[in-house]
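The values are calculated or read from the model by the stated rules, or taken from the named source; none is laboratory data. Because the structure is predicted, anything quoted here is derived from the model rather than measured. In this analysis, Cβ positions are derived from the backbone assuming ideal geometry, glycine residues included, and neighbour counts consider all displayed protein chains. All accessible areas refer to the heavy atoms of the entire protein, side chains included, with ligands and DNA or RNA removed. Shrake-Rupley method; radii C 1.70, N 1.55, O 1.52, S 1.80 Å.
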Amino acid sequence: MELTQALREVVGATHVLDDPELTAPYERDWTGRFGARARLVVRPADTAQVAAVMRCCAAAGAPVVPQGGNTGLVGASVPREGDEVVLSLRRLSAIGEVDPALGLVAAGAGATLGAVQAVARAAGLDAGLDFAARDSCTIGGVVACDAGGARALRHGTARAHVAGLEAVLADGTVISRMSGLAKDNAGYDLPALLVGSEGTLGIVTRVLWKLVPRLDRRVTALVPLASVADATVLLAALRAHAPSLESCDFFLDDGLSLVLAYQRRASPLERRAPVYVVAECAGRDDPTDELAEALGQAGVEDALIADDTASRERLWALREGHTEAIGAAGVPHKLDVGVPLAALAGFLEEIPRALASAVPDVPDARAFLFGHLGDGNVHVNLLGPAIEDERADDAVLELVLSCGGTISAEHGVGVAKARWLARARGAGEVAAMRALKQALDPAGLLNPGAVLPA
Ligand code: 2HG
Ligand code: ZN
């Protein structure tokens with residue numbers, strides 16, 4: 001039977017899309033940099049349907065791109081050749097009841113992070129993970145790319161929250177580790193293998209999410225600083241004096257100008273500075289004194305402090321608003337990298353020079369640098385070079401490796417950085433990854449071209 005017809009029989013005709021007007025939102029990524037026409041978009045309702053869809057696609061030899069909220073930033077959740085089936089997991093959005101004794105909740109891959117947070121908070125707990133795309137990204141995608149965000153500093157990345165998962169393999173086999181047993185050493189840890197595999201080894205359909213205590217007393221500081229070195233001193237003081245530290249992000253002054261212009265607001269700070277840190281402490285008890293102690297120890301004199309939700313959100317909007325403000329200014333090349341803290345200042349300083357020498361013929365090339373200071377995680381956003389022009393990307397990644405850093409801290413490798421994987425990981429590791437891929441997906445149907453170069 002022809003693939004379209006076979007899929008219609010599995011999910012119902014209304015959930016197999018081939019009209020270009022309907023498929024368009026599934027075909028281009030959030031940045032506008034990646035995408036191609038899809039052969040079809042298929043929207044299964046549950047794990048059994050995902051498995052049946054995979055069996056149909058395997059029989060037809062059709063490559064499949066799994067997609068959640070399509071908020072990924074490395075081109076891993078959209079078609080790239082034009083012949084892929086996009087398998088949307090958004091209909092798998094059911095969230096179970098919180099198990100308060102275990103601190104776990106089961107969520108369908110299509111549930112948004114925001115929805116999981118809301119369910120957790122209603123039960124007196126929290127998801128422990130948070131970032132700007134919270135209301136559009138889905139928990140399956142969060143797990144598939146091991147998303148991090150600002151709170152990873154305290155609670156770890158998605159990996160730390162996966163107590164189990166259910167997934168569909170390339171041949172339609174369903175694997176399920178949803179028992180919630182904290183200790184279970186029987187055999188290989190397949191869920192761990194799927195976390196961060198970006199849809200190349202299996203399709204995550206359900207996740208057992210480990211919750212954290214809900215910490216309602218929150219206080220946020222926005223601190224203008226003279227240098228990245230001063231920011232590192234502040235981070236050390238926060239670690240030493242504020243055990244309630246939850247996040248410690250940074251951005252630079254040109255990023256602030258762009259965000260303020262985009263958000264049509266004035267700077268809340270009396271004076272501008274080269275570097276800004278946004279730090280947040282959270283506890284059961286008011287963490288204001290701890291935060292003040294840390295700021296004092298770091299010699300900070302003029303921080304803006306916010307302790308109610310609206311004011312805290314206004315401070316965070318200056319940091320979180322970078323993605324949208326940059327997106328409104330052009331199609332960015334996003335290089336989500338990590339460097340050791342000791343190398344951070346030198347790395348940030350070097351980037352404008354690396355950019356100028358990589359693309360001397362693109363005089364308006366600009367780099368916006370911001371991210372999660374506590375993790376050494378820098379979001380290098382390049383504007384100016386054409387979509388296909390990767391000279392500046394290469395120069396930045398070269399610099400990252402020379403600093404002992406990683407080409408992907410939290411967004412994943414996707415297609416954007418696949419050709420750098422061997423440089424980053426070495427031939428031995430890439431061969432082991434290819435062996436795993438070959439074992440689980442011998443026909444290469446799952447997300448071809450992502451993570452491992454074709
Ligand atoms: C963030 O930290 C996200 O805001 C997105 O990881 C970063 O837009 C980016 O490059
Ligand atoms: Zn980030």
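Here are a few things to note about the model shown:
- Candidates SER93, SER77, SER88, SER136 - the one that is hydroxyl-bearing (Ser, Thr, Tyr), more than 14 Å from LEU211 (Cβ to Cβ) and open to solvent by less than 10 Å² (accessible area, probe 1.4 Å): SER88
- Taking first residues from region 276-301 that are hydroxyl-bearing (Ser, Thr, Tyr) and partners that are not in a strand (DSSP E or B), the Cβ contacts under 7 Å between residues at least 6 apart in sequence or on separate chains come to TYR276/LEU256; THR288/ASP307.
- Beta carbons closer than 9 Å, at least 6 apart along the sequence or on distinct chains, pair a first residue in region 400-416 that is closer than 18 Å to PRO66 by Cβ with a second that is within 11 Å of ligand 1 (Cβ to nearest atom) and among the β-branched types (Val, Ile, Thr) for HIS411/VAL74; GLY412/VAL74; VAL413/VAL74; GLY414/VAL74; VAL415/VAL74; ALA416/VAL74.
- The residue that is most open to solvent (accessible area, probe 1.4 Å), among those in region 143-159 that are away from ligand 2 (no atom under 12 Å from the Cβ) and in contact with a strand residue (DSSP E or B) (Cβ under 8 Å, 6 or more places away or on another chain), is ARG154.
- Put simply, of ALA329, ALA424 the only residue that is within 13 Å of ligand 1 (Cβ to nearest atom), surrounded by fewer than 23 Cβ atoms within 10 Å (Cβ to Cβ) and of a type in the set (A, V, I, L, M) is ALA329.
- The selection criterion, being within 16 Å of ligand 2 (Cβ to nearest atom), open to solvent by less than 30 Å² (accessible area, probe 1.4 Å) and within 23 Å of the chain's Cα centre (by Cα), holds for LEU129.
- One residue from GLY114, GLY124 being under 15 Å from the mean Cα position of the chain (by Cα) and surrounded by fewer than 20 Cβ atoms within 10 Å (Cβ to Cβ): GLY114
- None of ALA386, ALA367, ALA356 is over 24 Å from the mean Cα position of the chain (by Cα) and more than 23 Å from ALA422 (Cα to Cα) except ALA356.
- Pair list, Cβ < 7 Å and 6+ apart or interchain, from region 238-255 residues that are among the hydrophobic types (A, V, I, L, M, F, W, C) to residues that are within 11 Å of ligand 1 (Cβ to nearest atom): PHE250/PHE370; PHE250/GLY371; PHE251/ARG319; PHE251/HIS322; PHE251/PHE370; LEU252/LEU369; LEU252/PHE370
- Residues within region 370-379 that are more than 10 Å from ligand 1 (Cβ to nearest atom) and of a type in the set (A, V, I, L, M, F, W, C), tallied: 1
- Filter result for ALA231 (open to solvent by 50 Å² or more (accessible area, probe 1.4 Å), in contact with a helix residue (DSSP H, G or I) (Cβ under 8 Å, 6 or more places away or on another chain) and either in contact (Cβ under 8 Å) with a residue 60 or more places away in the chain or aromatic (Phe, Trp, Tyr) (or both)): no
- Number of the condition not met by LEU382 [criteria: (1) within 15 Å of ligand 1 (Cβ to nearest atom); (2) surrounded by fewer than 23 Cβ atoms within 10 Å (Cβ to Cβ); (3) not charged (D, E, K, R)]: (2)
- Hey, ARG214 in contact (Cβ under 8 Å) with a residue 60 or more places away in the chain, within 16 Å of ligand 2 (Cβ to nearest atom) and within 24 Å of the chain's Cα centre (by Cα) or not: no
- Taking region 313-330 as the range and being over 15 Å from PRO268 (Cβ atoms) and more than 16 Å from ligand 2 (Cβ to nearest atom) as the test, the residues that pass are ALA328, ALA329, GLY330.
- The set of residues in region 269-298 that are open to solvent by less than 50 Å² (accessible area, probe 1.4 Å), outside any helix (DSSP H, G or I) and out of contact with any helix residue (DSSP H, G or I) (no Cβ under 7 Å at 6 or more places or on another chain) comprises LEU269, GLU280, ALA282, GLY283, PRO287.
- When PHE347 is tested against the conditions (1) in contact with a helix residue (DSSP H, G or I) (Cβ under 6 Å, 6 or more places away or on another chain); (2) more than 10 Å from ligand 1 (Cβ to nearest atom); (3) within 19 Å of ALA424 (Cβ to Cβ), the lone failure is (1).
- Among the residues of this structure, LEU397 does not count as one that is out of contact with any Cys (no Cβ under 9 Å at 6 or more places or on another chain), under 26 Å from ARG151 (Cβ atoms) and more than 14 Å from ligand 2 (Cβ to nearest atom).
- Scanning region 88-143 for residues that are in contact with a Ser or Thr (Cβ under 9 Å, 6 or more places away or on another chain) and under 20 Å from ALA48 (Cβ atoms) turns up LEU89, ARG90, LEU92, SER93, ALA107, GLY108, ALA109, GLY110, ALA111, THR138, ILE139, GLY140.
- Residue check, VAL331 part of a loop (DSSP other than H, G, I, E, B) and under 20 Å from the mean Cα position of the chain (by Cα): yes
- The number of residues in region 215-228 that are open to solvent by 10 Å² or more (accessible area, probe 1.4 Å), within 22 Å of ARG271 (Cβ to Cβ) and assigned to a strand (DSSP E or B) comes to 1.
- Positions within region 299-322 being open to solvent by 20 Å² or more (accessible area, probe 1.4 Å) and assigned to a helix (DSSP H, G or I), in sequence order: THR309, ALA310, SER311, ARG312, GLU313, ARG314, TRP316, ALA317, GLU320
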